[in-house]
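One structure below.
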Amino acid sequence: MVIELRASELALRQWMDDDLDALLAAYRDPVLRRWTRLPVTSIDEGRHWLERTRQDWADGRRYSFAVLEDHADGPRLVANVVLKGVTPQRPAPEVGYWTASWARGRGVAPRAVTALSGWAFDRFPGLTHLDLLHQVDNVASCRVAQKCGFLYEETLPARPPTFPLDGHRHVLPVPVRQLHPGQMR
């Protein structure tokens, strides 16, 4: 079953093999590669990345969505959003994302992150909140977190080589409408 979410002129759906060329094009951007841990620089890496996203869905711990925007010549990949670390022992998974260079500055990331967050709270009723982490020098990610209602929680120490600089942790609490009996904020 393919899951698709809608977010004001955006469609979020599971990644497919047909997305390989668009994935490779997005990763040609040096800014995107700077902020991602696993760059995709070849067809083989792209295929591996897509296979890993399918396996993550099957494992039920990580859910990546391709974010598409309608264009005259058909849907165009503009971003990726992911819910990571979904386990019964972790009531607060992490939201991650990237935006393709051609889609930056148009509110794509906030709309996609907001849609993913709503889906996460609906799909996993035991969640207490969502985390969004970014390095302190990633000002754009800080703005996205704020636009989506994530509150600054703390500064985390660097963890080289993955996170060479300190980072911010932002938190999005469960919306009041989605609290369940016995669940506290």
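The values are calculated or read from the model by the stated rules, or taken from the named source; none is laboratory data. This one's a predicted model, so the numbers in the text were calculated from it and none came from an experiment. Virtual Cβ from ideal backbone geometry, glycine too; neighbours counted across all protein chains shown. Calculation scope for accessible area: heavy atoms of the full protein, side chains included, ligands and nucleic acids excluded. Shrake-Rupley method; radii C 1.70, N 1.55, O 1.52, S 1.80 Å.
Here are the numbers for this structure:
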| item | result |
| --- | --- |
| Entirely in segment 80-179, the strands (runs of 3 or more DSSP E) that have 2 or more residues that are of a type outside the set (D, E) and under 22 Å from P30 (Cβ atoms) | 94-99, 129-135 |
| Pair list, Cβ under 7 Å, 6 or more apart: segment 32-56 residue closer than 14 Å to D21 by Cβ and small (G, A, S), other residue in a helix (DSSP H, G or I) and at pLDDT 95 or above | G46/L20; G46/L23; G46/L24 |
| Members of segment 1-19 that are assigned to a helix (DSSP H, G or I), touching a residue at least 24 places away in the same chain (Cβ under 8 Å) and within 18 Å of D73 (Cβ to Cβ) | D19 |
| Subset of segment 130-150 (residues that are open to solvent by 40 Å² or more (accessible area, probe 1.4 Å) and touching a strand residue (DSSP E or B) at 6+ places or on another chain (Cβ under 9 Å)) | L133, V136, A140, Q146 |
| Exclusive hit being buried (at least 21 other Cβ atoms within 10 Å of the Cβ), at pLDDT below 95 and over 15 Å from the mean Cα position of the chain (by Cα), set L165, L127 | L127 |
| For D44: the one exception among (1) part of a loop (DSSP other than H, G, I, E, B); (2) open to solvent by 60 Å² or more (accessible area, probe 1.4 Å); (3) not basic (K, R) | (1) |
